[in-house]
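Undergrad: Supplied in structure tokens, the structure appears directly below.
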Amino acid sequence: MRERLLAAEKVKAIEWQEGQLRLLDQRRLPLEEVWSAYDSAAAVATAIAEMVVRGAPAIGISAAYGLTLALRDRLAEGGDWRAALEADYKRLADSRPTAVNLFWALNQMRERLDRLKPGEDPYAAAEAQAVSIHASDREANLTMAQYGVDVIRKHQGSPQNLLTHCNTGALATGGFGTALGVIRAAHLEGLVERVYADETRPWLQGSRLTAWELAGEGVPVTLNADSSAAHLMKSRGITWVIVGADRITANGDVANKIGTYQLAVLAMHHGVRFMVVAPSSTIDMALESGEEIPIEERAGSELLEVNGQRFAAEVDAFNPVFDVTPADLIDVIVTEKGVVERPSKAKLTALMSRKRLH
């Protein structure tokens, strides 16, 4: 399976080349593919905040490279580089508040620098750690794809209609994808009749990114308005909703792109199974429940304007970027460490202790 998955991989969004971070500008897809180079932590933080790069794992990877760039600059300045680097940690951490992968990646970088041996090159150590975070995420996605396919096959072996939300593919990760990685793998195994992709307002990640990724790989995909999900579940034989996550709390509550919660409620009503696919770095055992997750709100202009042209009435807009799906609406969480069915604190604690759960 792994070789087939690698052969099917066509898209990437992050490159590290000769001391520069290169990002595919996802705001301009699918109309044009534009890569931009970044050589400072401030520039990377801006790219994250302005959605040049998005998706929880991709944000974390980009932040790791951003801190590597910051360290290079601090070393060149001379003086106490550790103290100076604190401002760069904060700048990157503040770029998006909800996705825990961002903080996980920055903590990984901090811990590596704290373990420097006498005479060891800090920049070389940081660069190697960032590259490792990137490569590990891609490997985790390949493992999750296999686990997810096994779950789908266990419940129904014939080709199925799947529904997904936002973008969780190679564009959102270090490569291949989380939820979309499972969907890709299921397609290779002959388990997919059709994928229905929510448009995912207001940034239209489903319309611009998910549909583009799937169509480019020959996966049958149909785009639908977010508000048509209940009708699809009722009339099109949807068997699974498969989504990613930006943060999972100790009890199994899941923060993901706004609109995920309502999909879970609808899935429960229609007897559709609900799968969350995310690396273990997304699990935040320090938070007891989803009530503690900071929910990012973005400018109302994202709802009121298109390309800077206002089309809405002169009213205020409420624009939360994420919502929280309670654990009791989730059938299964798939991670690279294993699979948790009907998530609970005890099961997630066991998972994070590296026990395999199926």
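Undergrad: Work through the residues other than E292 whose Cβ is under 12 Å from its Cβ and net out their charges, Lys, Arg +1 and Asp, Glu -1.
TA: -3
Undergrad: For the stretch 223-358, what is the largest minus smallest coordinate of the Cα atoms on each principal axis, given in angstrom and ordered from greatest to least?
TA: 53, 37, 21
Undergrad: Here's something else I'd like to know. In the neighborhood of L163, defined by Cβ-to-Cβ distances under 13 Å, what is the net charge if each Lys or Arg adds +1 and each Asp or Glu adds -1?
TA: Within the 13 Å Cβ shell, the charges total 0.
Undergrad: Ordered by residue, what ³J(HN,Hα) values in Hz, to whole numbers, does the stretch 218-226 give under the Karplus form 6.51 cos²θ - 1.76 cosθ + 1.60, where θ = phi - 60° and Gly and Pro are x?
TA: Those phi angles translate into x, 8, x, 9, 10, 8, 9, 5, 3 Hz.
Undergrad: Quote the relative contact order of the stretch 197-290 in percent (integer), defining contacts as alpha-carbon pairs under 8 Å separated by 6+ residues.
TA: Relative CO of the stretch 197-290 lands at 28 percent.
Undergrad: Heavy-atom accessible area of V332 with all protein chains present, probe 1.4 Å, nearest 10 Å²?
TA: 0 Å²
Undergrad: Rg to Rh ratio, the stretch 86-210, alpha-carbon atoms and Kirkwood radius?
TA: Result: Rg/Rh = 1.10.
Undergrad: Now for a different question. 5 Å is the cut-off here: which amide hydrogens, built 1.01 Å from N in the peptide plane, fall below it relative to V221, excluding neighbours closer than 5 in sequence?
TA: Long-range HN contacts for V221: V195.
Undergrad: Now, a different point. Enter the accessible area of F311 (Å², nearest 10), with the probe set to 1.4 Å and all protein chains included.
TA: My reading of the accessible area for F311 is about 120 Å².
Undergrad: Residues with amide H under 5 Å of K337's amide H, sequence separation 5 or more or different chain, H placed in the peptide plane at 1.01 Å from N; which?
TA: S280
Undergrad: Another question, then. Under 8 Å for C-alpha pairs, at least 6 residues apart: give me the relative contact order for the stretch 8-126, rounded to a whole percent.
TA: 23 percent
Undergrad: Going Cα to Cα from K10, which aspartates and glutamates come in below 14 Å? Please leave out same-chain ones fewer than 8 positions away.
TA: Answer for K10, where 14 Å is the Cα cut-off: E33, E213, E217, listed by chain and number.
Undergrad: Run the reach check for K234 against lysines, Cα to Cα strictly under 20 Å, same-chain hits fewer than 8 apart removed. What comes back?
TA: none
Undergrad: Karplus couplings for the stretch 160-169 from phi (6.51 cos²θ - 1.76 cosθ + 1.60, θ = phi - 60°), rounded to Hz, Gly and Pro as x?
TA: 10, 9, 10, 10, 10, 9, 6, 10, 10, x
Undergrad: Would you compute, from DSSP H runs of 4+ residues alone, the mean residue ellipticity of the chain at 222 nm, taking -39500 (n - 2.57) per run and dividing by the full residue count, rounded to the nearest 500?
TA: Only helices count here, giving -12500 deg cm²/dmol.
Undergrad: Here's a follow-up. Please work out the Kirkwood hydrodynamic radius for the stretch 31-112, using every pair of different C-alpha atoms, and report it in angstroms with one decimal place.
TA: So the Kirkwood estimate lands at 12.8 Å.
Undergrad: Okay, moving on. Return the sequence-ordered ³J(HN,Hα) values of the stretch 344-352 in whole Hz as given by the Karplus equation 6.51 cos²θ - 1.76 cosθ + 1.60 applied to θ = phi - 60°, using x for Gly and Pro.
TA: My calculation for the stretch 344-352 gives 8, 4, 4, 5, 6, 4, 5, 4, 6 Hz in order.
Undergrad: With every protein chain present, what accessible area does E292 have (1.4 Å probe, heavy atoms only), rounded to the nearest 10 Å²?
TA: 90 Å²
Undergrad: Calculate the all-directions average of the projected area of the chain's alpha-carbon convex hull, and give it in nm².
TA: Its average projected convex-hull area is 18.5 nm².
Undergrad: Quick one: which residues, 5+ away or cross-chain, put their amide H under 5 Å from the amide H of N161? H built at 1.01 Å from N.
TA: So N161 has HN proximity to E193, R194, T239.
Undergrad: Given contacts defined as C-alpha pairs under 8 Å and at least six residues apart, what's the relative contact order of the chain, whole-number percent?
TA: Computed value for the chain: 15 percent relative contact order.
Undergrad: Counting DSSP beta bridges in the chain, what percent are antiparallel, to the nearest 5?
TA: The antiparallel proportion sits near 50 percent.
Undergrad: Mind ranking R91, R112, R96, R194 by accessible surface for me, highest first, 1.4 Å probe?
TA: Accessible-area ranking of R91, R112, R96, R194, largest first: R91, R194, R112, R96.
Undergrad: If S301, S281 are ordered by their accessible area, calculated over protein heavy atoms with a 1.4 Å probe, which sequence runs from highest to lowest?
TA: Solvent-accessible surface, decreasing: S301, S281.
Undergrad: OK, next. Pull up the cross-link candidates among the lysines for K347, meaning alpha carbon to alpha carbon under 26 Å and not fewer than 8 places away within one chain.
TA: The qualifying lysines are K154, K257, K337, K355.
Undergrad: Also, I was wondering about something else. In terms of solvent-accessible area of protein heavy atoms at a 1.4 angstrom probe, what is the ranking of R74, R342, highest value first?
TA: The residues order as R342, R74, largest area first.
The values are calculated or read from the model by the stated rules, or taken from the named source; none is laboratory data. What you see is a predicted model, and the numbers here were worked out from it, not measured in a lab. Using ideal geometry, Cβ is built from the backbone for each residue, glycine included, and neighbour counts are taken over all protein chains shown. Accessible surface areas use protein heavy atoms only, side chains included; no ligands, DNA or RNA. Shrake-Rupley method; radii C 1.70, N 1.55, O 1.52, S 1.80 Å.
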